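A short write-up of the structure that comes next.
Since every read-out is calculated from the coordinates, none of them should be taken as a lab result. Because the structure is a prediction, the values reported are computed rather than measured. Reconstructed Cβ throughout: ideal geometry from the backbone, glycine too, with neighbour counts over all protein chains shown.
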Amino acid sequence: MNPVYLIIIPLLSAFSIPLFGLISKKLVKFIPPLAMLFNAVYAILLIPQILKKPIVVLMGGYSLPFGINLFVGPLGIIFTGVIAIIGFIVSFYAINYIKEGDKEKYHMLYLLLLTGATGAVLTGDIFNLFVFCEILCISSFALVADLGDKRSIESSVKYLIQGSVGSGFMLLGIGLLYGQFGTLNMAHLAQIITEKYGAAQSIPIDLFIPFVFVIIGFGIEGSIFPLNAWLPDAHSSAPSTISAVLSGLAIEIGLYAIIRFVFTIFGITSILPALAILGLITLVIGEITAFAQANIKRMLAYSSIGQLGLIFFAISIGTSEAITGGLFQFLTHAFSKALLFLSVGYMIYRTKSMEISSFKGIGKKMPFASLAFLIGSFSLVGLPLFMGFSSKFIIVKSAILKNSTLFNILIMVVLLCTIIEGAYFFKVIQTIYFKKSNNIEIKKAPATAVIAFFILIIIIIGLGIYPNEVFKILQCGATELLDKSQYIRSVLG
Amino acid sequence: MVYYIGAFGLIIIGLYVLMVKRNLIKMIIGISLINTGLNLFLISVGFIKLGTAPIFSKPGLNPKIMVDPLPQAMVLTAIVISVATLAMALALAIRLYEHHGTLDMGKIKDQKW
Amino acid sequence: MKKIIAILFLLVLSYGIYLSINSIPFGVSKTKVGNYYNLNGVKDTGANNIVTAVVLNYRGFDTLGEVTVLFLAVLGFSTILFTMKKKKSDNMPTPPSLILSIGCKFLFPFVLLFGIYIFIHGHLSPGGGFQGGAVIASAFLLFYLVKPSEKSSKKSFQLIESLSGMAFIVIGILGLVFGNYFLSNFLPKGIAGKLISAGIIPLIYIFIGIKVGSELTGIIDRLMGKNNEKQVK
């Protein structure tokens, strides 16, 4: 069992798509689901081994910090697993959904996007993290422009300009860190920083500046307020399958990078309340603007900003339980948002409009898609029986246990935002089920879409009722983040 | 030291161009300036006074005075990444012009908050 | 107004950079990692060019990502231009002058050969796959200048790209099989300074050179818009 296969199998299959395209054009669309299925199974099989001891893989066999290493800990395997599962479901759905455009290129870009995401969460080297983030970014630029119409090209241009400024800041931060500490390995960097500055509460300025640059860089990718102007455009004008992956996975990679830098590398815990407030602002802005939208995909995109703010807020509380809750919220958001975007995809396809008002009475005509939308939104709002309930419950509980006035006030705002979230989702559900219907003829739903919906629904309800097994893995992930010295020890020995 | 000033000067000019100019081609030039400045900065981090290139092209070179090879390897990667971004940006500019008939980002406002 | 805000922001940024740059002394050797590469690079990898050793052996995984990024650029490039409207171009490009056509025909094989030389000697002298590939692409640029209406087979470009990309990964997997580590240098390292030395480095650089050459040629090909003319005819 070597975790490096989690990265190279998708990469190899992406490169091999033109070859399969020579044999048969129809073969191409089955390669992404197969590669992702492999990844999902492999990641799940790796879990027991990783919970005992994190796996450190050296690339090329050179001792650290001279080579590159992969660090596959609980956190990494959670992200990899979610990427693989959602990647599988979405690509399975795409078998029938993607009809226009150059299919071969779409599938290659899709696989490379997931490769970039997987590599970014598994690597143990900051420059390597940058490279994989770029793979992720550049493939998203291309996929956002995939439809080639006016809207998507404009969004892609905006995304590209902001994204490349972000990667410039990332590289600047990495360069400054290399200049100061002379290493690129995360664990070695963490060790040097701990030795040099100890557990000092105040942050020295020459450490703070690279930190800010890195946070700005990954914050653009992770769309933290005020760096998220690109997100609603990009996520709403991509094909729905890509919106699902971008919203559910890609922005979380930016978040992962930020928490890795904050907790493991810099170990700056004194800055956490500021980040919590930043997360909260992101949440409030996202939810309020989502409420005002008439376009369903823009609404979902703004809701993603809000959810991301919530995850960021939860992780910034900084206790083990709160981080567990934040990671659980990440799972909830990834699965529910993927389900929402996928269900909306066929609704838009059938009604040929993205306005919420055009979905009147669609509940009777498209029962499966409407049911999927219903369950996805219930889970995201946090009704009992669904995943969202457990995650939001843990976050609220841990914030109250923190026992400070600041967090008590903040958690009130979070609850208020949940109410807003509920309001706009129920508005859509009301339109779908209880308004008089437009004349859309009933068509047979494609089997791939229905199967994709049901896998996601089973995951959402299953984890809502039995969260314990996943909860244990998430707790290990939280421990990994909080215990910096353990991380250094397991990498450098 | 002058290398640092040059590198950060390029980055600052690039950011200024991105913030003030609204023509897409000029913005792409701004991105390119930022990337060039970054490459120069990375190279100057590894620079050693009177150092030689890290290549043993003839016998008798002293490895102690060679410059740091790692930033050079990083810059090789960074150059390729910036080329990729530039290529994508130019392709998008071609398409944007085709759709809107202008490259002025201030006039292209189909999507807003 | 916008300009003033921009200048203020940039002043704050420059001050921040100034503060942090103070702790990075200029022009002195400071990193242990870099010194390690210079002292042990030849012994570890068998390559005379330490930058090549870092790029392909110590940090070979980065290079795999880098190759993927370039591949992505070409893919994205052609995805974005795929749905482009085909315009009828009335004016045929003016035929090249005699000097241009003879000169380019004369130079083409030499430039190509120079590119191949650069990437084969990547482990001995300055250069390598990326640089060699760029030189090869410039040879094709000359070729296209002479014959602007020459049809190129996009299919074969793509095949070359994906085959050489796969070859890189397969070499990596062979390293995993024979050397226990992905991308490990499992071939004999030979005598440093000879053409056939340094194990897998020349092999990978040959694939990268072919790949980069065909990718950049593909981009030039697309940007010259020959694709459109082909469909009009």
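Scanning residues 5 or more positions from B:Met66 or on other chains, those with amide H under 5 Å from its amide H are B:Thr52, with H placed 1.01 Å from N in the peptide plane. For the range A:276-335 versus the range C:172-225, the spacing of their alpha-carbon centroids is 44 Å. Over chain C, the alpha carbon radius of gyration divided by the compact-protein estimate 2.2 N^0.38 Å works out to 1.30. Step through the residues of the range A:17-26 one at a time and calculate ³J(HN,Hα) from phi using the Karplus curve (6.51 cos²θ - 1.76 cosθ + 1.60, θ = phi - 60°), rounding each to whole Hz and writing x for Gly and Pro. For the range A:17-26, the Karplus-derived couplings read 4, x, 5, 5, x, 5, 6, 7, 5, 6 Hz, x marking Gly and Pro.
A cut-off under 12 angstrom between Cβ atoms defines the neighbours of C:Gly34, and their net charge, with Lys, Arg +1 and Asp, Glu -1, is +2. Using the alpha-carbon atoms, what tilt in degrees (0 to 90, nearest 10) does helix C:200-223 show relative to the longest principal axis of chain C? With rounding to tens, the tilt is 30 degrees.
Summary of packing: across the peptides B:25-35, A:144-154, the per-residue average of other C-beta atoms within 10 Å ranks them, highest first, as A:144-154, B:25-35. For a modelled paramagnetic label at B:Tyr3, 7 Å from Cα along Cα-to-Cβ, the residues of the range B:38-74 in reach, with backbone nitrogen under 11 Å, are B:40-53, B:67-69, B:71-72. Mean per-residue shielding of peptide B:40-47 is 5, counting Cβ atoms of other chains within 10 Å of each Cβ. Summing Lys and Arg as +1 and Asp and Glu as -1 over all other residues whose Cβ lies under 13 Å from the Cβ of A:Ile138 gives a net charge of -3.
Where does the charge balance sit around A:Lys26 when Lys and Arg score +1, Asp and Glu -1, over other residues with C-beta under 14 Å from its C-beta? Once positives and negatives cancel, what remains is +3. Taking the helices alone, chain A has a mean residue ellipticity at 222 nm of -25000 deg cm²/dmol, built from -39,500 (n - 2.57) per DSSP H run of at least 4 residues and averaged over all its residues.
For the range A:251-266, backbone phi angles converted through the Karplus equation (6.51, -1.76, 1.60; θ = phi - 60°) give residue-by-residue couplings of 6, 5, 5, x, 4, 4, 4, 5, 5, 5, 5, 5, 7, 7, 7, 7 Hz, Gly and Pro being listed as x. For helix C:129-146, what angle does its Cα long axis make with the longest principal axis of chain C, in degrees from 0 to 90 and rounded to 10? It works out to around 10 degrees.
For chain B, the relative contact order is 27 percent, taking Cα pairs closer than 8 Å that sit 6 or more residues apart in sequence and dividing their mean separation by the residue count. Computed from the Cα positions only, the extents of chain A along the three principal axes stand at 70, 61, 41 Å, in decreasing order. Longer than 26 Å from Cα to Cα, which of A:Lys158/C:Lys211; A:Lys150/B:Lys26; A:Lys103/C:Lys211; A:Lys337/C:Lys155; B:Lys21/C:Lys211 are they? Say none if no pair is. Pairs exceeding the cut-off: A:Lys158/C:Lys211; A:Lys337/C:Lys155; B:Lys21/C:Lys211.
Taking the empirical scaling 2.2 N^0.38 Å for compact globular proteins as reference, the protein assembly as shown has a Cα radius of gyration ratio of 0.93. Each of A:Tyr349, A:Gly361, A:Leu385 was placed along the dipole of chain A (beta-carbon charges, centred on the mean Cα), and the one lying farthest toward the positive end is A:Gly361. Amide H to amide H, with H built 1.01 Å from N, B:Asn23 comes under 5 Å of B:Met105, counting only residues 5 or more places away or on other chains. Peptide packing: for A:256-262, A:442-448, A:324-330, C:128-134, the average count of neighbouring Cβ atoms within 10 Å per residue gives the ranking A:324-330, C:128-134, A:256-262, A:442-448, highest mean first. Taking each residue as 0.36 nm, the span from B:Glu98 to B:Asn62 lengthens on full extension beyond its C-alpha to C-alpha distance by 7.3 nm. Within the listed set C:Ala139, C:Ala73, C:Ala53, the Gaussian network model of chain C (springs between alpha-carbon atoms below 10 Å) gives the highest mean-square fluctuation for C:Ala73. Remark on B:Ile55: its backbone amide H falls under 5 Å from those of C:Ile50, a criterion applied only to residues 5 or more positions apart or on other chains, H modelled at 1.01 Å from N.
For the range A:384-493, the relative contact order comes to 48 percent (Cα pairs under 8 Å, sequence separation of at least 6). If you plug the beta carbon distance of B:Ile25 and C:Leu223 into 1/(1 + (r/R0)^6) with R0 = 25 Å, you get a FRET efficiency near 0.95. Dividing the convex hull volume of the alpha carbon atoms of the range A:47-142 by its residue count gives 105 Å³ per residue. Helix C:2-21 and the longest principal axis of the Cα set of chain C meet at an angle near 30°. In the elastic network of chain C, a GNM with C-alpha springs shorter than 10 Å, the most mobile of C:Pro148, C:Pro95, C:Pro202 is C:Pro95. By the Stokes-Einstein formula, at 1.567 mPa s and 4 °C, the range A:392-493 with its Kirkwood radius over alpha-carbon pairs has D equal to 70 µm²/s. 3J(HN,Hα) couplings calculated from phi for the range A:292-307 with the Karplus curve 6.51 cos²θ - 1.76 cosθ + 1.60 (θ = phi - 60°) are, in sequence order, 8, 7, 9, 8, 5, 6, 5, 4, 5, 5, 5, 4, 5, 4, x, 4 Hz; Gly and Pro show x.
Under 16 Å from a label point set 7 Å out along the Cα-to-Cβ vector of C:Ser125, the amide N atoms of the range C:43-73 belong to C:48-50, C:52.
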